[in-house]
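Every read-out reported here was derived from the displayed coordinates using simple, explicitly stated rules and does not represent laboratory data. Since we're looking at a predicted model, the values are computed, not measured. Neighbour counts run over all protein chains shown; Cβ positions are idealised from the backbone, glycine included.
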Amino acid sequence: MIGTPPVAAPTGALDGVRVVELASEHGAFAGKMLADLGAEVIVVEPAGGHPSRFFEPFVDDVPDLERSLWWWNYNTGKLSVTLDLHRAFDADRFRTLVASSDIVLEGETPGRLQGHGLDYEDFAAVKPSLVWVSITPYGRVGPRSHEPATDLTILAGAGPAWSCGYDDHLLPPVRPGGNQGYQTASIWAVEGAMVALYASQTLGIGQHVDVSMHAASNVTTEAATYEWLVAQATVERQTFRHAAVRQTPPRLITAGDGGYVIVAPPRHVAEFRALVAWTVELALTEQMDEFFFVEMGVERGGIVLSEVETDPIVAAIYQAGNDCLRLVASQLPAKDFFVSAQKRGLPAGMLFAPEDVMEDQHYKEHGFPVEIFHEDLDRSFLYPGAPFVAGASPWRTRRRAPHLGEHTEMVFGPLEAQPQ
Amino acid sequence: MSPPRQALSGLRICDFSGQLAGAGATRFLAAMGAEVIRIEDPVTEGSWDVLRGVAPFVDDRRGRDFGGAFNNHNVGKLGVTLNLRTDAGKQLLRELVAISDVVTENFAAGVLARLGFSYEELRAIRHDIVYVSNTGFGNTGPYRDFKSWGPIVQACCGLAFSTGLNGEPPAGIGYSYMDHHGGNFMAIAVLAGLMHRNRTGEGQWIDISNTDAGALLNGPALLDYTVNRRPLRRPGRPDSNRSDSPAMAPHGIYPSAGMDNWIAIACRDDGDWTILAGLIDAPWADDPALASLAGRREAEDTLDRMLGDWTGSRDHFELAAALRALSVPATAVQRPGERIDHDEGTMAWGLWPTVTHSKMGEVRVDGLPLHFSETHWVMERGGPCLGEHNERVFGGLLGHSDDELARLREDGVL
């Protein structure tokens, strides 16, 4: 089994760690992940609620600051307190809260906190172990630090959009779906926060970690970047395959039922053998003009990928393997093709829509859909769960996102009862 | 001058991870100061990692040690070769695990166990070892034995389907996005495991399923289905250049003057639209029906067409700068050379450090999007050549003599 059976009830890796998060659109996912890893994450909102509480879609399409599915998704497991930082009383409360915390996470416009005397520098001297993480579009300093940005403009300016889209370049480049610009920055921010926390715990050094969303997406675009850095070559977008310097063969396949599947052209001898057997079983060999090249893949003991560009025979075998798999796929329903191909040892994938993810046995057996009860609505809903299984310190999506200011008294009561 | 303090100094990682989904994790941890010892197979010359020795290249030289992608993903690591089919190779690995904090790998499920290094066996060598595995589908569940690489993960987690334009088939993500984040979640798992170990003395096996990680990155769309029963497979959707969560319009990527030049514009609210409409200065833009978000969403197809006609004759860099000066988010869709060599946002950040590779020489690589005020990252040494650090690791670190190493080499162990 994965993980050791724990001696005591398992706690998260960040059990006992307190995080203060100033609510922001781009840092919300980072705070959610730290909460799932076991930290106590206290999200600080203005009295009227953070604007992301008003992001669509809403439960039953009824707009309400407690019904935004955006807010729900990115704030599971957190506590909410309301503070208006321009008021002296609340600014003091914020100072008290930070003093009781290990990590501050914020995405404020550079300079705003400094203006309130509530920036990292204002706390570093009094709490040297403090880790302070800023997530902003271009970082806190630098020539672009005050430019406006959204998920779209980050992904368009930093590389991802250039690499996504269609062979037809009259169609625009495409933004990867699902807030990936914000989430990419948040994932890097969690790595930065955890490294800094580790240094704080082991070396006693606190510090500021500055995260640039623009930089984060720039270094998360694979070959587009290193083709330029190494060889000054520019990749071009291609329908449903890697943007590349050269054109590659089509990849997306419409399966027999109209769903979509993809394959990896065979390379190893076992893959060629499996494909030959499958094609024969389905009586499709007559429909494959170049079937003998697929059989040649078996005879030659597979092919070496790097020879595709230099050896025309290898290229023909590679091409025939690809064509043959596409033919098989076009004859079967998408899910049948995907599962059968994989069971035969042929790498293949099927395009799941989000709704398919939550219904598929793979995700169910991992416990990925996590049921969370909303006592206020007297309903339970399935949420996305953990990216990994960790037996001794599990990733746990624990409870619904907080209502506005739900925990203000719970958090400040004990803090303010303590003698200063 | 004393060397910079490194956050992860003193940590040792026994690393089998390759490609990007694994190598990305340990490149980050190496930059933060961990000693990463990457183990490769001498018999196949490390070709399990399909990036070893493939393009891009800095010059005309070819071979296992000259791959540009491999160098990028393995900066700062030590490289050793070890033939784990041999008893002597297994013994050396046991010696290495015994002095390591972490073992990382992204082989197919079960491969390391079949070599005799399951978690139970690793734990017997070192009781508090943190073992992190990373596969497309995890070590449990009905797809555990399925093969995967970047595009398969992105297909099966829902992100590929979610990326595309209305009326077109899915575009997918044109690179191995989830290899990057598979590596990032792997680094997070390593750090989580270390923190738990430091607090409790207990090691563990953390098993990443990269499809689960990818599905986690599609939260609002998943909830729209589980809560509202609204599938993304519906007329008009997906259309990822538009914005449904939060709702914005106009919001898209529009043509501009020149060949394959594009501008992205996002009007976050009525105020952004009013500014853009003022710049357009044409009767259609002053239509009161467009003054509200509801009106713009209602007319979105027409609005996008009219806006595209207007942007189509303009320079994308100039127009984007003009809009940004008025606080409206806009940008040219930048080509790699533009964002790397002409963008103050990446150059001033120091995002493209130069490392020195033993054979390739000086090469620029991806830096990190993080600035640490006290324990900054370091990238100086390129990715290791095959077996480059065998003497340093098996001799210097494990204490085997030159004679022993010569014999191991002769016996095909190294």
If R0 is 25 Å, what FRET efficiency do you get for B:Arg62 and A:Glu281 from their C-beta distance, rounded to 0.05?
0.05
Ranking request for peptides A:174-184, B:330-340, B:251-261: highest mean number of other beta-carbon atoms within 10 Å first, then the rest in descending order.
A:174-184, B:330-340, B:251-261
Per the helix-only model, chain B has a calculated mean residue ellipticity at 222 nm (DSSP H runs of ≥4, -39500 (n - 2.57) each, divided over all residues, rounded to the nearest 500) of -10000 deg cm²/dmol
Between A:Ala91 and B:Leu279, the FRET efficiency computed from the C-beta separation at R0 = 45 Å comes out, to the nearest 0.05, as 0.70
Listed residues B:Ala109, A:Ala28, B:Gln154: farthest to the positive end of the dipole of the protein assembly as shown (Cβ charges):
B:Ala109
Inter-centroid distance (Cα atoms) of the range B:1-58 relative to the range A:167-201, Å
21 Å
At most 11 other Cβ within 10 Å, DSSP loop - GluC sites (Glu not before Pro), the range B:352-414
B:Glu380
Within 10 Å of the Cβ of an average residue in A:52-60, the count of other chain Cβ atoms is 4
Mean per-residue count of partner chain Cβ within 10 Å for B:175-187 equals 6
To the nearest Å, what is the center-to-center distance of the range A:273-314 and the range B:118-178, using C-alpha atoms only?
27 Å
Ordering A:287-294, B:265-272 by per-residue average of other C-beta atoms within 10 angstrom, highest first, gives B:265-272, A:287-294
Mean Cβ count within 10 Å, highest first, over the residues of peptides B:140-153, A:102-115:
B:140-153, A:102-115
Using the Cβ atoms and a cut-off under 14 Å, what net charge is assigned to the surroundings of B:Ser176, where Lys and Arg are +1 and Asp and Glu are -1?
-3
Between B:Asn261 and residues 5 or more places away or on another chain, the pairs with built amide H atoms under 5 Å apart involve B:Ser256
Taking the Cβ of A:Ala315 as the center, what net charge do the other residues with Cβ under 14 Å away carry, scoring Lys and Arg +1 and Asp and Glu -1?
-2
According to a simple spin-label model (label point 7 Å from Cα along Cα-to-Cβ), what is the distance in nm between B:Leu326 and A:Thr109?
1.8 nm
Dipole magnitude of the range A:265-369, debye to nearest 20 (Cβ charges: Lys/Arg +1, Asp/Glu -1, about Cα centre)
260 debye
Give the cross-link partners of B:Lys359 among the aspartates and glutamates, using a straight C-alpha distance below 16 Å as the criterion and excluding same-chain residues fewer than 8 apart.
B:Asp59, B:Asp60, B:Asp65, B:Glu380, B:Glu388
Along the charge dipole of the range A:260-350, which of A:Met288, A:Ala316, A:Ile262 sits closest to the positive end, that is, farthest toward it, with unit charges on the beta carbon of Lys, Arg, Asp and Glu (+1, +1, -1, -1)?
A:Ile262
Length gain on complete extension for the stretch B:Ala406 to B:Asp315, per 0.36 nm per residue less the alpha carbon to alpha carbon distance?
26.3 nm
In whole Å, what is the distance between the alpha-carbon centres of the range A:371-420 and the range B:238-288?
38 Å
Output field shielding_mean for A:209-217 (other chain Cβ, 10 Å radius) holds 6
Residues of the range B:107-128 with backbone nitrogen within less than 20 Å of a virtual label 7 Å along the Cα-to-Cβ line of B:Glu95, please, listed as ranges.
B:116-117, B:122-127
When the helices in chain A are scored as -39500 (n - 2.57) per DSSP H run of 4 or longer and the sum is shared across all residues, what 222 nm value do you end up with, to the nearest 500 deg cm²/dmol?
-10500 deg cm²/dmol
Please order A:Asp257, B:Asp244 by the number of other Cβ within 10 Å, starting at the fewest.
A:Asp257, B:Asp244
Could you tell me the ratio Rg/Rh of the range B:243-341? Both radii from Cα atoms, Rh via Kirkwood.
0.96
Assuming 0.36 nm per residue, please report the length gained on full extension of the stretch B:Glu121 to B:Ala291 beyond their Cα-Cα distance.
54.5 nm
Can you tally the lysine pairs in chain A where the Cα-Cα distance is under 25 Å and the two residues are eight or more apart, or on different chains?
8
Starting with the fewest neighbours, write out B:Val54, A:Val263 ranked by other beta-carbon atoms found within 10 Å of each beta-carbon.
B:Val54, A:Val263
The correct pair for the protein assembly as shown, radius of gyration to one decimal and Dmax as a whole number, both in Å and from Cα atoms, is 26.3, 86
